[in-house]
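*Asks:* Provided herewith is a single structure, encoded as structure tokens, for subsequent inquiry.
Readers should treat all values here as calculations from the given coordinates under stated rules, not as data from a laboratory. Just so you know, these numbers come straight off a predicted model, no measurement behind them. With ideal geometry, Cβ positions are generated from the backbone for all residues, glycine too; neighbour counts draw on all protein chains shown.
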Amino acid sequence: MNGPKSTETKRDLSDILGLLPMDIIESVLVSLIKVLGEQPAVETALDLAEKVAAANHQQQNQLTEQLLVNNLTVAATVKIMELITAIDPKATDALEKIQRCLANVSTLPGASHQR
């Protein structure tokens, strides 16, 4: 079955090609060969672009997470400083309250554990 159909296709293609000028046939063939030759380079470029986009997205996520941690650290530090400045230095438990506040500061991300 495939034999006659394949022969018909060849004959039809031969008839069409016979009607076209040779310079058109040549330029179509050159274009097809060029496209086929460029395809691996295009696929490589698309693959590289996908990898760059994925790395960029990952870096943006990491930066966002770091900014959130920084904002939380600043907010917590401000709150602890408000608590420390609200302590009456003449109170008998003032030192204990300050030490509790400083202990909270040392638990913040990026806080120095040196005293």
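*Asks:* First select every other residue whose beta carbon is under 13 angstrom from the beta carbon of A94; then total the charges, Lys and Arg +1, Asp and Glu -1.
*Replies:* On the way: positive: K90, K97, R100; negative: D88, D93, E96.
That works out to 0.
*Asks:* Modelled label-to-label distance, Q59 and E38, 7 Å Cα→beta-carbon offset: nm?
*Replies:* With each label placed 7 Å out from Cα toward Cβ, I get 2.9 nm.
*Asks:* For the stretch 20-101, which trypsin sites (Lys or Arg not before Pro) are in a loop by DSSP, counting at most 11 other Cβ atoms within 10 Å? Spell out each step's value before the answer.
*Replies:* On the way: sites: K34, K51, K79, K90, K97, R100; in loops: K90.
Taking the stretch 20-101 and a limit of 11 other Cβ atoms within 10 Å, the loop trypsin sites (Lys or Arg not before Pro) found are K90.
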